[in-house]
1. What distance in nm separates the two pseudo spin-label positions at residue 43 and residue 379, each 7 Å out from Cα along the beta-carbon direction?
2. Kindly identify region 242-308 as rounded, prolate or oblate by the Cα gyration tensor criterion: order the square roots of the eigenvalues as a ≥ b ≥ c, call it rounded if a/c is under 1.5, otherwise compare a/b with b/c, prolate if a/b is larger, else oblate.
3. Under a GNM of the chain (C-alpha, springs under 10 Å), which listed residue has the highest mean-square fluctuation: 89, 260, 19?
4. Quick one: if the Förster radius is 35 Å, what FRET efficiency do residue 73 and residue 388 give, using the C-beta to C-beta distance and rounding to 0.05?
5. What is the calculated FRET efficiency for residue 24 to residue 281, with r their C-beta to C-beta distance and R₀ = 30 Å, to the nearest 0.05?
6. How much length would be gained if the chain were fully extended between residue 61 and residue 129, taking 0.36 nm per residue of separation minus their Cα-Cα distance, in nm to one decimal?
7. How many nm is it between the label spots at residue 401 and residue 302, if each spot is 7 Å from the Cα in line with the beta carbon?
8. Calculate the spin-label point distance for residue 83 paired with residue 341, positioning each point 7 Å from the Cα along the beta-carbon direction, and give it in nanometres.
């Protein structure tokens, strides 16, 4: 028997169409009623407070492995998909998580991601060159999508000719990976299963090549880790490479797009950043706080927990609304306002604790360089029309398209 929350969540409140364009009023209502509530609709505890979210993410009584708790609700035909999910860092706990994360981190160190700063800048400039030929751009498809996927593909060593199909595989896979523990459709699972199968076959062949002739890319380093002292199994290698390709492009794509939209709404801020690029880092942190790309993550209680006045039972799912926590007035002054100079800015956009995003520094580097190049090279950046809609993947908050009229700076 669940303890009743102060204000029961209305069924249409969570993850429905009314939340797609603007979920923040609903987040505020939920947080003001009670920062942790039980939802019959999604059969989970929903957490909206910053302190409560931070506490759960750091509490070892709450597990990241959502696969074991939720795969039974779906047809056994999707078992291969859930088997892949279960081998990733983000779905692992304890010693397995520590081992996988250590191997991935050591691979990142061997490939010296920091050396890619010049390459990121070159790729961003190439994308701007292409857009200037037309005098217009769809920021999402012409810049925000290709930049991070080009970067993570180069870091991983994915050939240029394969990147288009990998982007589609990533899209299909991630929608299911991000939503299976709340609610998802047969269509989403079917597409994800097909893409995961193709992705797996592709990576299996790539690893065979790299075993014989490894390079200095991240995938080669992961293949070498497969044969090292700690050992990374083939399934773990494949699953976590898929994770890195997904996490390495989609979150950054959303953050870039959300940041550009904010600049379009605040031309005086755009001018200030253009005049003083050193302010761009603080700007990107505020983008991540106010327009958190990944709206929520989940945990599973591994035992009965008396938490924030609620009785959470063993096996209960806890959904942590990062985007709500990042607008908690108990932590952030005037949280609904965008403050490009906000300090401190201890947002939770990349999570906290043992499962903090492994690619956080790469994502921030791509954002900083991306906006430096855009603002440095473009004199005109204007929205072509206001008929905008957010993408249908609720858990990756991003504009589906952002059409711009652009022109080059005088010195370009």
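1. 6.1
2. prolate
3. 19
4. 0.55
5. It comes out at approximately 0.80.
6. 19.4 nm
7. Placing both labels 7 Å beyond Cα along the Cβ direction yields 4.7 nm.
8. Roughly 5.7 nm, to one decimal.
Throughout, read-outs are computed from the coordinates displayed, never taken from laboratory work. This one's a predicted model, so the numbers in the text were calculated from it and none came from an experiment. For neighbour counting, all protein chains shown are included, and Cβ atoms are generated from backbone atoms with ideal geometry for every residue, glycine included.
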